[in-house]
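Peer 1: Dumping the structure here so I can ask a few things about it.
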Amino acid sequence: MTAVISNRPLWRLAWQRLRQRPLQYLLCIVGIALGVAMMVSIDLANGSAQRAFSLSTDAITGRATHRIEVIAPTGVDESIYSQLRRMRHHSPMAPVVEGYTLVEELGAQPMRLVGVDVFVEAPFRSYFGDDERLDAQSVQLLTEPGAIVLSQDLATQYDLKLGSELHLDIAGQHRTAQVTGIVAPNDTLNRRALSNLLFTDIATAQELLGQVGRLSHIDLIINQPEELQAIAAALPTGLKLETAEAQKNAVQQMTAAFELNLTALSLLALVVGMFLIYNTVTFSVIQRRPIFGILRCLGVTQGQLFTLILAEAALFSVVGSILGVGLGIVLGRSIVGLITQTINDFYFVVSVQQVTLAQSTLFKGLTVGVAAALFASALPALEAMNTAPSLILQRSTLEGKVQKLLPKLALLWVGLTLAGVALLRWQTGGLIAAFSGLFAVLLGAALLVPPLVSLGMKALASVGYQVAGVLGRLAPRDIVRSLSRTSVAIAALMVAVSVIVGVSIMVGSFRGTVVQWLDQTLQADIYVSPPTTTANRVLGKLNPEIVETLKTWDGIRLAVSYNDADVRVVDFDRQAKLISADGDVSQGKRPYAWIRPDLGADPWKALDTGSGAIISEALILRENLASPPETITLETPEGDRTFPVLAVFYDYSSDRGTIILDNDLYTALWHDDRVASLGLFTAPDVSVEETVAVIRTHFKGRQDLLVQSNRSLRQGSLEIFDRTFAITSALRLLAVVVAFIGVLSTLMSLQLERTRELGILRAMGMTPRQLGTLTLLETGLMGTLAGIFAMPLGFALAWILIYVINVRSFGWTLQMALEGRYFWQALLVAIAAALLAGLYPALRLGRMNIATAVRQE
Amino acid sequence: MTAKTWWSKLFASNTSQPAFSQNPSATVIASQGAVVQIDKLGKEFQEGEIQRTVLQNVTLRFDSGEFVVLLGHSGSGKSTLLNLISGIDKPSSGTVRINDLAITELDERSRTLFRRDYIGFVFQFFNLIPTLTVLENVTLPQELAGRSSTVAQQSALHLLERVGLADRIHTYPDKLSGGQQQRVAIARALAHDPALILADEPTGNLDEETGQRVLQILLDLTRNTGKTLIMATHNPEIAQLADRVLRVQDGHLTRVIVHPDALEEVVV
């Protein structure tokens, strides 16, 4: 016999419930929406930045399969290109020169200037006509000096026409160019890709970028392995053949840790949102237990009840997730600027013209939102499923169960914390293991909340009576009585507030460490560099004449010159930052994490003699090395070279790792004698500010210089620091907003549940004021507990962020700096959020109809 | 406006009625029983589009020390009448005067304070506060009035002894039987020595034997102290113990049984 099961009456009940408690479901939907929105916005902003970079890289790479690159930062000598062409390989080959420029007429944002040879372009990029036939604009590109081709979109956006003049600022050098061509690719992808590219003839690019006689790289299309081998064999020392994909991957790896950190932080809001979902569903189950009991008596199966609860959760989570995705897109548009700024500050130049919504982002937002809701609803749904077919089961049965569960929850806390610690200690587990450990610790702490609340409130009931009379006795007992719900709200608020404490301590410690590091490292009085195309990374070089003039400037007693380049660390097979210096700008005050024992306190003397390299701790920490390596091998234009490691220094300017070499050694091996920045020490009694002003005026017209006093450089560095963490502040605040909604929802449901009891209190003579005080006392207690619990948890979180997450993400050792304000501010936030959430239910209760309330069953 | 008044007003419902003094003159309330005068009392509820009349034009008087039973079926309007007398609910028309104080003209806060100090309530479903022990439940009304816990406990312990629960003072309500819970509720209703006791089906949720015992305790404690007791019930047997029985039907006072024993009925 096949039993016929109809769910229609159940859906009707669900619909009625929704109509009875719309606000409760609305709050839950808002909670899910905010959690999903945060995740989507971060994903969207990260994705847009990556995609913008990837698109413009693809646009330049075109159909190239390989590229010849030079190890020296000065570029490929163009004679090598001629030699390779003379070898008459069958593979197409095209030279490329590229660099960054600011264009006044294009909103002064960084643009990629790409110089190409139109004669050999066709197989690679089809922007300049097909095959061997050149169109008119290509001919102009060749024949007119300063001719530039840009995309139709850019021209329309900035109202540029053929013949419009462009004023370029390339590392402070001003050049004029002219729009001679406008390309309009047919497909959207190409149009978007070209939106931050400017094309010019290779000779013009060389001249504009100051790279006369040199190429950035040579593109190749190689299909035959023999051809590949032949070309590789023909390359002189200092050049390497790489696949086109390799560079793109390297760039993506650079920001992986940064993006993972943001994603993890954005997930916190969703985790807090899960508490809210759990609470809402638990409420809906508990309040309907008698109905479920009757339904079970009438023949509703366990499976039907389980499905009903999960379907309800699925419904509002779908609505919440859709809203969240929409909100996330709006938020993402506003934070994309913040994220690209940080990427520009620390990693690579990218300009996001258009926020691109990937389908994966939409899918992720919806899936994670719904999955989180279903996961959070599973426990209460199981509870509903196990409702005995009886009419007399009351909520107290569940509370009784919760009381019995308390010792087990405490044990689970121990278990999860131990698991978390194990994950955090698992060095090779990387960031994923570290974040899993962090979430395990957080979840464990949340499980400890019910036993702690139970113990704390029982103890407080007698003290509360002494302080606030009968209300002081009622409030803590009411919290314990509804422990299954109140503890979840307290846990949600605790997690959110602990994030505030943890992140505040981490950011504060980070800032303190950076301030101290800047104080010790930056000892020169004046710093000179070309103006930055992006924010803090110097991409250009100083005019050699200016360097010479400044070194002998009146009133300057010492000048230290710096240069930097990217270098591949052969030992670890990854890119790092290479700095060459002809003196120590810190004058021996730089702090070291380790110095080779035979070198005494100052390893710089050994560096000056070219007897080794000083490396940053990020190199060691990101490779999980237990101790500094004895040597480090770097790829140089002269082949791989091994340098003894002299010392390990702290460096917070790069998370890729930094290697310092003596300037002479660097120049000899990398054939690059340019100077990127100068540190000037003024003679005694010379005014720094006046010297800065004079230098600025003196070189006006030759090259714009960024001349900064020590003070303004530090200030600028800290501004970048604060800007980097702006998004973190927004994320932690959002977690509190979600927790606030959780507390509000809990309180409203609790008040609804207790309407009759509160009505009796009112009937017995409790005044509206006393009832208001009781409600706020309860919420205040909940907030206080959340705040108090958040303090040790926040400290633990800070510890994990500083000593595990930061070390694994960026390889930086931070000095933990604890300040009282982090804790009391968090306590205030928790209490204020809870009290604010309690105000509305308190106001509603003050106006309750006692007769109706007392009649309620 | 002081912070205290603002706080009170924040939670109070809107009203322009004069506030009742927390310490009304001794002349207003007699020390033992209360005289309740009801004039043309009416109560209507709005149920969607329909206006439902629960009580209509009820006029009657309860004398000090009198035990009156309101007899009627479920939904007849008995409980509504009790709610209006206690000030829990506001009438649509008419007045309720207790010892010459028109409580229907008081604002919400004043009605609450009046109820707290001068009325004791016994409900059908006991309505004990589950988070408070037996003793704490009984001391609650006095403590809400700000009386010292020593004083409150003294009278509470005395009453709990009278109702036979002196050995259960630290027990929580969920560990007590229905009869025991109702005895605690009676002790709670009398602990602050109110002039007027309102009992809404006090035995309605108890078996017959327990109901009789509980009723006896309630009567012993009220009649001996001369308190006015108004009890709503649908049990005619209880009516036989009353001084006067009023039959309530469809919101009207239909018959007054002056002498229950003689069953001398007067049609209103």
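The values are calculated or read from the model by the stated rules, or taken from the named source; none is laboratory data. Just so you know, these numbers come straight off a predicted model, no measurement behind them. Note that we place each Cβ from the backbone using ideal geometry, even for glycine, and neighbour counts take in every protein chain shown.
Peer 1: Pull up the range B:163-181, narrow it to residues that are within 14 Å of chain A (Cβ to nearest Cβ) and assigned to a helix (DSSP H, G or I), then point me to the one that is modelled with the lowest pLDDT.
Peer 2: Once the filter is applied, the top-ranked residue is B:174.
Peer 1: Test each condition in (1) assigned to a strand (DSSP E or B); (2) touching a residue at least 60 places away in the same chain (Cβ under 8 Å); (3) small (Gly, Ala, Ser) for residue A:654 and report the one that comes out false.
Peer 2: The failed condition is (1).
Peer 1: From the list B:109, B:116, exactly one residue is facing another protein chain (nearest Cβ under 7 Å) and within 25 Å of residue A:461 (Cβ to Cβ). Which is it?
Peer 2: It is B:116.
Peer 1: Residue B:165 fails exactly one of the following numbered conditions: (1) in contact with a Leu (Cβ under 6 Å, 6 or more places away or on another chain); (2) crowded, with 20+ Cβ neighbours inside 10 Å. What is the number of that condition?
Peer 2: Every listed condition holds for residue B:165 apart from (1).
Peer 1: Looking only at the range A:198-249, count every residue that is of a type in the set (Ser, Thr, Tyr) and assigned to a strand (DSSP E or B) and tell me the total.
Peer 2: So the answer is 2.
Peer 1: Of all residues in the range A:490-523 being buried (at least 24 other Cβ atoms within 10 Å of the Cβ) and of a type in the set (Gly, Ala, Ser), which is farthest from residue A:262 (Cα to Cα)?
Peer 2: Filtering the range A:490-523 for residues that are buried (at least 24 other Cβ atoms within 10 Å of the Cβ) and of a type in the set (Gly, Ala, Ser), the one farthest from residue A:262 (Cα to Cα) comes out as A:491.
Peer 1: Also, I was wondering about something else. So which of B:133, B:112 is surrounded by 24 or more Cβ atoms within 10 Å (Cβ to Cβ) and modelled with pLDDT under 90?
Peer 2: Result: B:112 is the single residue among B:133, B:112 that is surrounded by 24 or more Cβ atoms within 10 Å (Cβ to Cβ) and modelled with pLDDT under 90.
Peer 1: Just one of the numbered conditions (1) over 19 Å from the mean Cα position of the chain (by Cα); (2) at pLDDT below 85; (3) surrounded by 22 or more Cβ atoms within 10 Å (Cβ to Cβ) is not true of residue A:392; which one?
Peer 2: For residue A:392, the failing item is (3).
Peer 1: Turning to a different aspect of this structure: Across the range A:633-651, what is the total count of residues that are under 16 Å from residue A:562 (Cα atoms) and free of Cβ contacts under 8 Å to residues at least 24 places away in the same chain?
Peer 2: Summing the residues that are under 16 Å from residue A:562 (Cα atoms) and free of Cβ contacts under 8 Å to residues at least 24 places away in the same chain in the range A:633-651 gives 0.
Peer 1: Quick test of your reading of the structure: residue B:100 fulfils all but one of (1) closer than 20 Å to residue B:39 by Cα; (2) surrounded by fewer than 24 Cβ atoms within 10 Å (Cβ to Cβ); (3) at the interface with another protein chain (Cβ under 7 Å from one of its Cβ atoms). Name the failing condition by number.
Peer 2: It fails just one condition, (3).
Peer 1: What tally of residues in the range A:268-299 results from selecting those that are out of contact with any Asp or Glu (no Cβ under 7 Å at 6 or more places or on another chain) and surrounded by fewer than 20 Cβ atoms within 10 Å (Cβ to Cβ)?
Peer 2: Matching residues across the range A:268-299 total 8.
Peer 1: Could you grab me the full set of residues in the range A:798-835 that are within 13 Å of residue A:499 (Cα to Cα) and among the aromatic types (Phe, Trp, Tyr)?
Peer 2: Scanning the range A:798-835 gives A:799, A:822, A:823.
Peer 1: Do we have any residue at all in the range A:677-684 that's in the same structural domain as residue A:500 (by TED's automatic domain parsing) and hydroxyl-bearing (Ser, Thr, Tyr)?
Peer 2: no
Peer 1: So, in the range A:564-583, exactly how many residues are surrounded by fewer than 19 Cβ atoms within 10 Å (Cβ to Cβ) and closer than 15 Å to residue A:648 by Cβ?
Peer 2: Total meeting the criteria: 2.
Peer 1: Return a yes/no flag: does the range B:66-76 have any residue that is within 14 Å of chain A (Cβ to nearest Cβ), touching a Phe, Trp or Tyr at 6+ places or on another chain (Cβ under 6 Å) and not hydroxyl-bearing (Ser, Thr, Tyr).
Peer 2: no
Peer 1: Follow-up question, since we're still on this one. Filter the range B:138-162 down to the residues that are outside any loop (DSSP other than H, G, I, E, B), at the interface with chain A (Cβ under 10 Å from one of its Cβ atoms) and of a type outside the set (A, V, I, L, M) and list them by number.
Peer 2: Correct list: B:139, B:141, B:142, B:143, B:149.
Peer 1: Further question: Could you tell me which numbered condition residue B:80 fails, if it satisfies all but one of (1) in a loop (DSSP other than H, G, I, E, B); (2) within 9 Å of chain A (Cβ to nearest Cβ); (3) of a type outside the set (Gly, Ala, Ser)?
Peer 2: (1) is the only condition that residue B:80 fails.
Peer 1: In the range A:646-671, what count of residues is obtained for those that are over 31 Å from the mean Cα position of the chain (by Cα), crowded, with 22+ Cβ neighbours inside 10 Å and either over 14 Å from residue A:604 (Cβ atoms) or modelled with pLDDT under 90 (or both)?
Peer 2: Total meeting the criteria: 2.
Peer 1: So in the range A:580-602, with the set limited to residues that are among the aliphatic types (A, V, I, L, M) and part of a loop (DSSP other than H, G, I, E, B), which one is modelled with the lowest pLDDT?
Peer 2: A:601
Peer 1: Assuming residue A:839 fulfils every condition listed in (1) away from chain B (no Cβ under 14 Å); (2) touching a residue at least 40 places away in the same chain (Cβ under 8 Å); (3) surrounded by fewer than 22 Cβ atoms within 10 Å (Cβ to Cβ) apart from one, which condition is it?
Peer 2: (1)
Peer 1: Still on this structure, I have one more. Which residue pairs have Cβ atoms closer than 9 Å, lie 6 or more positions apart in sequence or on different chains, and pair a first residue in the range A:420-446 that is of a type in the set (S, T, N, Q) with a second residue that is outside any helix (DSSP H, G or I)?
Peer 2: Every condition considered, the pairs that remain are A:427/A:624; A:428/A:624.
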